[in-house]
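Just so it is clear, none of the values below were taken in a lab; they were calculated from the coordinates. Just so it is clear, the structure is predicted and the values come from calculations on it, not from any experiment. Glycine also receives a Cβ, built like all others from the backbone with ideal geometry; neighbour counts cover every protein chain displayed.
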Amino acid sequence: MSNDSKLITIYRSQNKADFLIIEALLNSAGIEYFSLNEGVQDLYGGLNIVSRGIEIQVAEENVETVTELINAEPQLTNPLWRTPYKELLWFAG
């Protein structure tokens, strides 16, 4: 991300779990981002009552790519529902 990139807020959440999912998506895609108010969440035992929530910002040129990434259907590499029943029993012991 260059120093003169305009940052656009693409996601805002009060829920730390939502933030962690979006953060993982961005990291896996190699997209640089900036998070605001992430540390405030921990001041009050997980309640973000001071700020408007955790915000994720990306460079303006990445907004379209990130929006598509967030809204895409999850692609599981080895979903159990495609595994034959006998193999699932092996996992269960």
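At an R0 of 22 angstrom, the distance between the Cβ atoms of residue 15 and residue 65 translates into a FRET efficiency of 0.40. Rounded to the nearest Hz, the phi-derived 3J(HN,Hα) couplings of the stretch 18-26 under the Karplus curve 6.51 cos²θ - 1.76 cosθ + 1.60 (θ = phi - 60°) are 4, 4, 5, 5, 5, 4, 5, 4, 5, where x marks glycine and proline. Ordering 65-73, 52-60, 22-30, 6-14 by mean Cβ neighbour count within 10 Å, with the highest value first, yields 52-60, 6-14, 22-30, 65-73.
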